[in-house]
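See below for the structure under consideration.
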Amino acid sequence: MRRQTRFPRKKMQSDNRETPRLAISPEAVSKGEPPNPEVDSSYQQIIKSSALIGSVSVINIAVSVIRTKVLAVLLGPSGFGLMSLYNSVLDLAYSVASMGVSSSGVRQIAEANAADEQHRVARTVTVVRRVALALAVIGAVLLGFAAYPISSLTFGRPGFAGGIALLSLGVFFRVTTDSNMALLQGLRRIRELAAVGLVGSASGAVLSIVLVYYFQERGVVPAIIGTTACTLVAAIWFSRRVALPSVRIGRNEFAKESAQLLRLGLAFMGSGFAVTAAAYAVRMIIAKGPGLEAAGLYQAAWTLGGLYAGVILQAMGADFYPRLVAVSASDTDCNRIVNEQVHASLLLGGPGILATVTFAPLIIATFYSAQFLGADEVLRWICVGIAMRLLTWPMGYIVVARNRQALFLSIDVAWAIVNVTLAFAFVRIWGVRGAGMAFLGAYVFHLILIYPIVRRMTGFRLSQASRRTGALLVVATGLIATGAWTLKPVPALVLGLSVTVVGGIYSVIILSQLAFQHRLPPRVLRILERTRLAR
């Protein structure tokens, strides 16, 4: 029986309870005094990193639209479902092969960089690269040997074993890629991270389209492998441009460093495996229930549901996590940064989620084809779940930053079990849209689970602003989705468009208050203050 992890209750200080508010008063404006420069700067950093990754993601999204559209037309729903199953196998094998070394490396590099210990950074990077190379080889070999049983389990027959064996190259490329990305993420090199995503996405899209065009379904596996290879080349190129001091590592030192990375990495590996296994299991439930075509519809909805919010989540991993690690010893700073990230993520991601729910059929037809229009309902359920994810993910980073490995793993395993259990039950009743319902239900469970844990750990409490914005986003998303299911198309579109516009204006106003008020004219600040008081 697993020993329950207990946390001592901490006396909660008032400055831990809520993110400091940016009180915009006419008196403060007339004196020219910024309400809270530290918080102001922090929000600017969140928006800056999100904007940088977001601007690159706009290009990536455009590339993805072309790539997805072409592949959807060439393969159809069943072929797209086949690709999703192959991707699930690759994700599952990668999550085991990587052993979480790159994620633990990010944490170690971020700590060393915060302490300005560049030799320690260089030493960690060297160890991460060597260990990752060994794991990449081992993982690729093991997947090749397990191709036949995995094919029988996934597809019900061993006829796909050859394709699965080829995916071993994808495992090797992805594990090696992440060892190079760990350096960029740990040092918060946001520009280089964005560049890797851009170059890898564009080159991978061109290669995958060419392969599928000429070889149809036989080109699916080579297309997946080619995409991972393109990203690897880009990661190596940009990571090598980071100047590091030369270090020599002896056998004993290497053994000690690698053991430390693997101990921490095991929790990351277990967590990644649980989440990936859940995604794999859900797709299998759909493929063996409603069928392979339904699996393609779910994959289409899943891809679109996370497209916009993925920009925010990427920025969260690239910039927020290293910043949180640097201050994780302080409850006050830790809670403040998490609350700021929750609030900013909801404000930045909310309008995109609302727009996706409103224009779901049009977006699906644009990204895919008319054959995929059955995915619009599951897409709406997934979007509501994504709204919950934006609320809960920053809280989960507290557990990671505090290095509570067993607890971190237990939370993700619990989430995965709930997700698969709900999917098994809901798909049997409601078909493919039941998988979207299960995704939402799993994140409601995640919120119920994670909030008391971080409350006991650091005294964390969601700020009033975060609670208000989160509630408004969930209600607005649910309102648009309900209108789409119950109203005729024209009234539903008018309702959705109205709520989306209002939500977008609200987000712009609040973000302007939080991040840029010291740059705005006093008259504009007074208007924003009246708006805040009116709420």
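Here's the yes/no breakdown for (1) surrounded by fewer than 24 Cβ atoms within 10 Å (Cβ to Cβ); (2) at pLDDT below 80; (3) not in a helix (DSSP H, G or I):
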residue	(1), (2), (3)
313	yes, yes, no
334	no, no, no
338	no, no, no
342	no, no, no
347	no, no, no
350	no, no, no
353	no, no, no
363	yes, no, no
Which of (1) modelled with pLDDT of 85 or more; (2) surrounded by 21 or more Cβ atoms within 10 Å (Cβ to Cβ); (3) closer than 28 Å to residue 111 by Cβ does residue 193 not meet, given it meets every other one?
(1)
Could you look through the stretch 373-410, keep only residues that are within 17 Å of the chain's Cα centre (by Cα) and without any contact (Cβ under 8 Å) to a residue 60 or more places away in the chain, and pick out the one that is farthest from residue 439 (Cα to Cα)?
399
For residue 511, are the conditions met, namely being assigned to a helix (DSSP H, G or I) and either at pLDDT below 90 or in contact with a strand residue (DSSP E or B) (Cβ under 6 Å, 6 or more places away or on another chain) (or both)?
yes
Taking only the stretch 366-418 into account, find how many residues are surrounded by fewer than 22 Cβ atoms within 10 Å (Cβ to Cβ), within 30 Å of residue 73 (Cα to Cα) and among the β-branched types (Val, Ile, Thr).
1
Being of a type outside the set (Ser, Thr, Tyr), touching a residue at least 12 places away in the same chain (Cβ under 8 Å) and under 19 Å from residue 257 (Cα atoms) narrows it down to one residue among 135, 198, 143; which is it?
135
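So which helices (runs of 4 or more DSSP H) stay within the stretch 402-496 end to end and still have 3 or more residues that are under 21 Å from residue 271 (Cα atoms) and aliphatic (A, V, I, L, M)?
Details: elements: 405-430, 433-458, 464-486.
Result: 405-430, 433-458.
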With the checklist (1) under 14 Å from residue 174 (Cβ atoms); (2) more than 26 Å from the chain's Cα centre (by Cα); (3) of a type outside the set (D, E, K, R) in hand, flag the one item residue 142 doesn't pass.
(1)
What's the number of the only condition in (1) of a type in the set (A, V, I, L, M, F, W, C); (2) surrounded by 23 or more Cβ atoms within 10 Å (Cβ to Cβ); (3) touching a Cys at 6+ places or on another chain (Cβ under 8 Å); (4) more than 30 Å from residue 79 (Cα to Cα) that residue 327 fails to meet?
(2)
Kindly evaluate residue 174 against the criterion of being part of a helix (DSSP H, G or I), at pLDDT below 80 and either β-branched (Val, Ile, Thr) or within 28 Å of residue 66 (Cβ to Cβ) (or both).
no
In the stretch 240-256, residues that are surrounded by 10 or more Cβ atoms within 10 Å (Cβ to Cβ) and either aliphatic (A, V, I, L, M) or touching a strand residue (DSSP E or B) at 6+ places or on another chain (Cβ under 9 Å) (or both) total 5
Any residue in the stretch 283-303 that's closer than 12 Å to residue 85 by Cα: show its pairings with residues that are at pLDDT 85 or above and of a type in the set (Phe, Trp, Tyr) at Cβ separation under 8 Å, as long as the two are six or more apart or on different chains.
283/298; 285/424; 286/298
Of the residues in the stretch 201-216, those that are in contact (Cβ under 8 Å) with a residue 60 or more places away in the chain and surrounded by fewer than 21 Cβ atoms within 10 Å (Cβ to Cβ) number 4
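So is residue 198 surrounded by fewer than 24 Cβ atoms within 10 Å (Cβ to Cβ) and modelled with pLDDT of 85 or more or not? Full working, then the answer.
Numbers: surrounded by fewer than 24 Cβ atoms within 10 Å (Cβ to Cβ): yes; modelled with pLDDT of 85 or more: no.
In short, no.
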The correct count of residues that are in contact with a Ser or Thr (Cβ under 8 Å, 6 or more places away or on another chain) and within 16 Å of residue 437 (Cα to Cα) in the stretch 257-299 is 5
Across the stretch 96-125, the tally of residues that are in a helix (DSSP H, G or I) and within 21 Å of residue 267 (Cα to Cα) stands at 16
Selected residue [out of contact with any Pro (no Cβ under 8 Å at 6 or more places or on another chain) and within 16 Å of residue 350 (Cα to Cα)] from 462, 479, 449:
479
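The values are calculated or read from the model by the stated rules, or taken from the named source; none is laboratory data. Source: prediction; values computed, not measured. Every residue, glycine among them, receives a Cβ derived from its backbone with ideal geometry; neighbour counts consider all protein chains shown.
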